[in-house]
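Since the structure comes first, as structure tokens, the remarks are kept for the end.
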Amino acid sequence: MSRRVIWDRTGGNPIPHVSKELRIDPYVCSGALHTIKQSAGLRPNDDVMIYDNGDVTGRLNGDEIGNLYDEH
């Protein structure tokens, strides 16, 4: 199954755009993303890529670190 990148910018706050794209409450989306980053050993300001199926990957290594739908 193919997936489309919806966030791959360096810096900035992905929550407004990603929560709208995925139809997830912004506060829930933010909490899920912080949980995913923390579980992966990333800092809050580390960049990630987010896909239209909710998958989150580390920007530097491309490893899948979680899914926003799984965390809310």
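The values are calculated or read from the model by the stated rules, or taken from the named source; none is laboratory data. It should be emphasised that the depicted structure is a prediction, and the values quoted were computed from it without experimental measurement. Using ideal geometry, Cβ is built from the backbone for each residue, glycine included, and neighbour counts are taken over all protein chains shown. In case anyone asks, the SASA skips ligands and DNA or RNA and just uses the protein heavy atoms, side chains included. Shrake-Rupley method; radii C 1.70, N 1.55, O 1.52, S 1.80 Å.
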Open item on the list: Can you divide the C-alpha Rg of region 5-67 by 2.2 N^0.38 Å and report the result to two decimal places?
Closed with: 0.97
Open item on the list: Restricted to Cα positions, what overall size does region 1-41 have along the principal axes? Three whole-Å values, descending.
Closed with: 26, 23, 21
Open item on the list: Starting from 0.36 nm per residue, how many nanometres of slack lie between Asn13 and Tyr69 once their C-alpha separation is accounted for?
Closed with: 18.3 nm
Task: Gain upon complete extension [Arg59, Val5; 0.36 nm per residue less C-alpha separation] - done: 18.3 nm
Open item on the list: Considering only protein heavy atoms and a probe of 1.4 Å, how much of the accessible area of the chain is carbon and sulfur, as a whole percent?
Closed with: 46 percent
- [ ] Work through the residues other than Arg4 whose Cβ is under 12 Å from its Cβ and net out their charges, Lys, Arg +1 and Asp, Glu -1.
- [x] -3
Task: Candidate residues Val5, Val48: accessible-area rank, largest first, probe 1.4 Å - done: Val5, Val48
Task: Net +/- balance of residues flanking Thr57 in space, Cβ distance below 9 Å, scoring K and R +1, D and E -1 - done: -2
Open item on the list: Give me the 1.4 Å probe accessible area per residue for the chain, excluding ligands and nucleic acids, in Å².
Closed with: 65 Å²
Task: Sum of -39500 (n - 2.57) over DSSP H runs of 4+, divided by residues of the chain (222 nm, nearest 500) - done: -9000 deg cm²/dmol
